[in-house]
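Nothing in this text is a laboratory measurement; each read-out follows from the coordinates by a stated rule. All of these numbers come straight from a predicted model, not from anything done at the bench. We place every Cβ from the backbone using ideal geometry, glycine too, and count neighbours over all the protein chains shown.
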Amino acid sequence: MDFPRPYPAGEIAELIHGKTIGNPDRQAKGLNELHVVRPGDVSFVDHKKYYKKTLNSDASVIIINEETEVPEGKTLILHEKPFDAFMQLIGYFRPFAPSDKMISPSAKIGEGTVVQPGAFIGNHVTIGKNCVIHANVSIYDHTVIGDRVVIHSGSTIGSDGYYFQRRENGYVKFLSGGRAILEDDVEVGAMCAIDRGVTGDTVIGKGTKMDNHCQVGHDTVIGRNCLIGAFSAIAGVTRIEDDVILWARVSIGKDLIIGKGAVMMATAGTEKSIEGGKVYMGAPAIEVRQYWRQYSSLKNLPEVIKKLKTGGSI
């Protein structure tokens, strides 16, 4: 997530009532979580387990809850609650802005694009040329849509990420300040939901086609020319490479990589990254040949048990 202009670390500290440790004039260009952080970004850490990883990351300014040695080329901001401070920055730089029109005056819509009745297009949305936005589609603020994109009725693009931190008295929401990006020639079926990134972008790559009732979590990147079957659910911060096929009701966990050209058959599910160029079945998903060998062995299990009980040999 980029700032509208560079901000000195000292000014960032003032916004969140923190204490600067190190160079207060170090320029911050944006803010991002650790998994998408870039040089010039503000990030945060609130657990000692992640201190080393965060302090050695590309972040230039780090909000932290204990004083520690300042790494070269970085500025620290001491704050009692880094998570809350980071949320405050997202709210400051990407605040919620109510709309009073179905199509925001700040939206940019390309030549030849058709917006059907009942569609909502939020603030600072960009839509390319020759797209079709069907009735009752909702496109949230800051979404970017390329050329020749089709979005079918009832779908929502750019909704908040499903991201909460547990506290003693309930949950605190991690605000979503990122974007949803649909590249050229994408088609989204009816009743789909594509969450925007929390600080980065959720991306649907060029030429990818989604069936009805699909879910894509925050900060997930789907490559080019993928096919996503109906009722598939893809959790956040996952990368699906080019030419992947997910048939109906596929479930994919968070922080995974689905390799290029992989095929997951209907109802398959995985909580681990899988290699490209192979076909998978089952939950947990395994290669299809292994799946059928196991299934064949399972069918013979009653006969094996019977032989063992009668003292026979297998």
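Comparing Cα centroids, the range 142-216 and the range 62-123 end up 15 angstrom apart. Each DSSP beta bridge with both residues in the chain is either parallel or antiparallel, and the antiparallel ones are about 15%. Running a GNM on the chain with Cα contacts under 10 Å, which residue among Q27, Q116, Q290 ends up with the highest mean-square fluctuation? With Cα springs under 10 Å in the chain, the top fluctuation among Q27, Q116, Q290 is at Q290. Treating the angle as unsigned and between 0 and 90°, give the value, to the nearest 10°, between the Cα long axis of helix 82-93 and the longest Cα principal axis of the chain. Once rounded, one gets 70 degrees.
Taking amide H atoms as placed 1.01 Å from N in the peptide plane, the amide H of I77 lies under 5 Å from those of I21, I62, I63, I64, each 5 or more residues away in sequence or on another chain.
For the range 1-151, count all C-alpha to C-alpha pairs, find those more than 26 Å apart, and express that count as a whole percent of the total. Within the range 1-151, distances greater than 26 Å cover 42 percent of Cα pairs. Electrostatic bookkeeping for A107 treats Lys and Arg as +1 and Asp and Glu as -1; over the other residues with beta carbon under 11 Å from its beta carbon, the sum is +1.
Averaging the sequence gap over all C-alpha pairs within less than 8 Å and six or more residues apart, then dividing by the number of residues, gives the chain a relative contact order of 8 percent. Helix 288-299 and the longest principal axis of the Cα set of the chain meet at an angle near 50°.
Partner lysines whose Cα lies under 21 Å from the Cα of K52, excluding those fewer than 8 positions away in the same chain, are identified as K19, K74, K81.
Treating each Cα of the range 108-291 as an identical point scatterer and summing with the Debye formula, the log10 of I(q)/I(0) at q = 0.11, 0.16, 0.19 Å⁻¹ comes to -0.46, -0.90, -1.18. When the chain is treated as a GNM with alpha-carbon contacts under 10 Å, the residue of I139, I16, I151 showing the greatest mean-square fluctuation is I16. Counting 0.36 nm for each residue step from Y171 to S106 and taking away their Cα separation leaves a gain of 20.1 nm. The mean sequence separation of alpha-carbon pairs under 8 Å and at least six residues apart, normalised by the residue count of the range 15-152, gives a relative contact order of 16 percent.
With R₀ set to 51 Å, the beta-carbon distance separating V279 from E11 gives a calculated FRET efficiency near 0.45. Structure remark: mean-square fluctuation, Gaussian network model of the chain, C-alpha springs under 10 Å; the largest value among E287, E14, E275 belongs to E14. With R₀ set to 41 Å, the beta-carbon distance separating I257 from K129 gives a calculated FRET efficiency near 0.80.
Legend: P(r) of the chain from all alpha carbon pair distances, 10 Å bins from 0, whole percents, reading 6, 23, 25, 22, 14, 5, 3, 1, 0.
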